Amino acid sequence: MDFGAITKHSVLHAKPSGLLFQYGTAGFRMKAEHLDHVMFRMGLLAVLRSKQTKSTIGVMVTASHNPEEDNGVKLVDPLGEMLAPCWEEYATCLANAEEEDMQRVLIDISEKEAVDLQQDAFVVIGRDTRPSSEKLSQSVIDGVTVLGGQFHDYGLLTTPQLHYMVCCRNTSGQYGMATIEGYYQKLSKAFVELTKQASRSGDEFRSLKVDCANGIGALKLKEMENYLSQGLSVQLFNDGTKGKLNHLCGADFVKSHQKPPQGMEIKSNERCCSFDGDADRIVYYYCDADGHFHLIDGDKIATLISSFLKELLVEIGENLNVGVVQTAYANGSSTRYLEEVMKVPVYCTKTGVKHLHHKAQEFDIGVYFEANGHGTALFSKAVEDKVKQLAGELEDKKGKAAKILRNIIDLFNQAAGDAIADMLVIEAILALKSLTVQQWDALYTDLPNRQLKVKVADRKVISTTDAERQAVTPPGLQEAINDLVKKYRLSRAFVRPSGTEDVIRVYAEADSQESADSLAHEVSLAVFQLAGGIGERPQP
Ligand code: G16
């Protein structure tokens, strides 16, 4: 390592004093103006990780659902998955190191991980549409080059597209071509094949309104439209030409406020969906004839997908191990439906797709979704090979089901939750099953729920256990929550520190919306009192 050069460049990316940086749920996130040195240092770290794994590593500059002023960065590991946990710790350590300690920290990481410094390194970089992203991605490139790494800057990409590129490069193209055209071609080929099999037709089935959160999803969907031929006609809203990123629109807004995004005109019973700012989450919704809003979140998406996959397996005559992975935010009704009606095993992990992804890899077919719409399905290598073989061998109904499954496998982005890929999977399933959005919604009825945020002086005072369903500290908080939950029917509540925003998240569900709202408010007050709330007390 040329420490002279590293120091020379590092002082150009000076660390602001008095701030603590933490690699959180999905990398570093905070106000963009504080992140320059983090970007430079993540460039350095990506080179070390690339040398150590002898693979291409990804660096994505995005703050996804956060407000436009924020930004963030995360590293993508060789198979397109999230960074390994011990490297997250190195990332935190490197981001917090004072200038004079940088050399020691870099040597420490290299020694602990036995990094061969002579090894070549290759890093791919993507960024979202935030005004700050271009400059910040240049700082990543500075870090990569000063450590002698090679790089390819993809420029504007959705987060899952960058995960896809990393996976393609490290599987020598087996997963697909590592270009944006390769991504569009792979997905559109599978989608067009699937919709050819669908019996339903008519404009109401083919048209979909998409709220793009004023983010990168709009650009990429526009590029992709030409590849989809007649299979689907998308109408884009909040495409970034006017409004602010994620402001009053996008998947996070729609899910947490349980109402339609601004900037989209919805006629009754029209099928609509929202992406988030970097297009890795999707939620569906519609308004009924009485004007009531119906949200179809990640839980119902997981239900649709897993039931369809099970039906295909029955048709083919294969008995495979299918599991669904959720988090504590999963609606109680969804878990009950999956376990009791569909007889699918359901597992709960901590928030953060890295946790769900990891658990889903334990199954032949693992479907994972967070309620916020972040998820995908994973197929073991053995299953993929078997399905390819069956699709070539079987005939009639079995053959048709095997071919559908083969194309569905190709349509999922198995490297990461992907709003575009998930949208196409959902549209294909609805078309193949001739299912309307209302019929899909009617699979089960969500328990009314509410999510709130509380500001506290230090998020770390709250620690949790049992996949974040129980608070361990501060003392007395869990007991207070237990007492409040007892006051309501069919109720449940939990609190956890966010890993992407400087807030405590509160979740409550109960038998009526009024009760869920009131329970969430009472729990917020308990957090405010017992966990050092700041600013205004939570208002009902
Ligand atoms: C990220 C993570 C998700 C997580 C969400 C909220 O989403 O990738 O797994 O659910 O943050 O996390 P938290 O509650 O810890 O703030 P995104 O879409 O912002 O990348």
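The values are calculated or read from the model by the stated rules, or taken from the named source; none is laboratory data. Note that this is a predicted model, so its numbers are computed, not measured. Note that we place each Cβ from the backbone using ideal geometry, even for glycine, and neighbour counts take in every protein chain shown.
Suppose we filter 417, 399, 392 for residues that are more than 16 Å from the ligand (Cβ to nearest atom) and either touching a residue at least 60 places away in the same chain (Cβ under 8 Å) or under 17 Å from residue 194 (Cβ atoms) (or both); which single one remains? Step through it out loud before you land on a result.
On the way: 417 fails: more than 16 Å from the ligand (Cβ to nearest atom); 392 fails: either touching a residue at least 60 places away in the same chain (Cβ under 8 Å) or under 17 Å from residue 194 (Cβ atoms) (or both).
Only one candidate qualifies: 399.
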Failed criterion for residue 323 (all others in (1) within 26 Å of residue 160 (Cβ to Cβ); (2) surrounded by 21 or more Cβ atoms within 10 Å (Cβ to Cβ) hold): (2)
Candidate set from the stretch 238-253 (those that are within 13 Å of the ligand (Cβ to nearest atom) and crowded, with 24+ Cβ neighbours inside 10 Å); member that is farthest from residue 216 (Cα to Cα): 251
Residues within the stretch 84-96 that are touching a helix residue (DSSP H, G or I) at 6+ places or on another chain (Cβ under 7 Å) and either in contact (Cβ under 8 Å) with a residue 40 or more places away in the chain or within 13 Å of the ligand (Cβ to nearest atom) (or both), tallied: 5
Of residues in the stretch 507-527 being farther than 10 Å from residue 485 by Cα and charged (D, E, K, R), the one surrounded by the fewest Cβ atoms within 10 Å (Cβ to Cβ): 514
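Take the conditions under 23 Å from residue 507 (Cβ atoms), of a type in the set (D, E, K, R) and assigned to a loop (DSSP other than H, G, I, E, B) and apply them to residue 259. Does it pass?
On the way: under 23 Å from residue 507 (Cβ atoms): yes; of a type in the set (D, E, K, R): yes; assigned to a loop (DSSP other than H, G, I, E, B): yes.
It is true that residue 259 is under 23 Å from residue 507 (Cβ atoms), of a type in the set (D, E, K, R) and assigned to a loop (DSSP other than H, G, I, E, B).
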Scope the stretch 53-70; condition within 16 Å of residue 124 (Cα to Cα) and out of contact with any helix residue (DSSP H, G or I) (no Cβ under 6 Å at 6 or more places or on another chain); matching residues: 53, 54
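Would you check if there is a residue in the stretch 284-291 being buried (at least 20 other Cβ atoms within 10 Å of the Cβ), assigned to a loop (DSSP other than H, G, I, E, B) and away from the ligand (no atom under 16 Å from the Cβ)?
Initial filter on the stretch 284-291 (buried (at least 20 other Cβ atoms within 10 Å of the Cβ)): 284-286.
Keeping just the survivors that are assigned to a loop (DSSP other than H, G, I, E, B) gives none.
Scanning the stretch 284-291, I find no residue that is buried (at least 20 other Cβ atoms within 10 Å of the Cβ), assigned to a loop (DSSP other than H, G, I, E, B) and away from the ligand (no atom under 16 Å from the Cβ), so the answer is no.
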Number of the exception - residue 408 against (1) among the aliphatic types (A, V, I, L, M); (2) touching an Asp or Glu at 6+ places or on another chain (Cβ under 9 Å); (3) part of a helix (DSSP H, G or I): (2)
Residues within the stretch 317-371 that are within 13 Å of the ligand (Cβ to nearest atom), in contact with a Leu (Cβ under 9 Å, 6 or more places away or on another chain) and at pLDDT below 95, tallied: 1
Failed item in (1) surrounded by fewer than 24 Cβ atoms within 10 Å (Cβ to Cβ); (2) in contact (Cβ under 8 Å) with a residue 24 or more places away in the chain, with residue 302 passing the rest: (1)
Among (1) in contact with a strand residue (DSSP E or B) (Cβ under 8 Å, 6 or more places away or on another chain); (2) away from the ligand (no atom under 16 Å from the Cβ); (3) over 14 Å from residue 133 (Cα atoms), the one test that residue 38 misses: (3)
Qualifying positions in the stretch 468-488 - within 16 Å of the ligand (Cβ to nearest atom) and in a strand (DSSP E or B): 471
Residues satisfying the stated conditions in the stretch 447-467, i.e. assigned to a loop (DSSP other than H, G, I, E, B), over 25 Å from residue 296 (Cβ atoms) and away from the ligand (no atom under 13 Å from the Cβ): 455, 457, 458, 466
Members of the stretch 489-517 that are of a type in the set (A, V, I, L, M) and more than 16 Å from the ligand (Cβ to nearest atom): 490, 510, 516
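Of all the helices (runs of 4 or more DSSP H) wholly in the stretch 169-237, which have at least 3 residues that are at pLDDT below 95 and surrounded by 15 or more Cβ atoms within 10 Å (Cβ to Cβ)?
Values: elements: 180-196, 203-206, 216-225.
The helices (runs of 4 or more DSSP H) meeting that bar are 180-196.
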Entirely in the stretch 69-148, the helices (runs of 4 or more DSSP H) that have 1 or more residues that are at pLDDT below 95: 85-96, 102-112
Test result for residue 270, away from the ligand (no atom under 16 Å from the Cβ), over 22 Å from the mean Cα position of the chain (by Cα) and acidic (Asp, Glu): yes
Residues of the stretch 149-168 classified as in a loop (DSSP other than H, G, I, E, B) and either modelled with pLDDT under 95 or among the aromatic types (Phe, Trp, Tyr) (or both), total: 0
In the stretch 210-252, the residues that are among the polar types (S, T, N, Q) and farther than 19 Å from residue 61 by Cα: 226, 229, 230, 233, 235, 238, 241
Options 499, 533: the member that is farther than 12 Å from residue 452 by Cα and either surrounded by fewer than 18 Cβ atoms within 10 Å (Cβ to Cβ) or in contact with a Pro (Cβ under 9 Å, 6 or more places away or on another chain) (or both): 499
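A quick yes/no check of all residues on (1) crowded, with 17+ Cβ neighbours inside 10 Å; (2) at pLDDT below 95; (3) within 15 Å of the ligand (Cβ to nearest atom):
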position	(1), (2), (3)
376	yes, no, yes
385	no, no, no
413	yes, no, yes
431	yes, yes, no
434	no, yes, no
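Residues are listed down the side, and each one gets a yes or a no for (1) surrounded by 16 or more Cβ atoms within 10 Å (Cβ to Cβ); (2) under 30 Å from residue 199 (Cα atoms):
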residue: 425; (1), (2): yes, yes
residue: 428; (1), (2): yes, yes
residue: 439; (1), (2): no, yes
residue: 449; (1), (2): yes, no
residue: 473; (1), (2): no, no
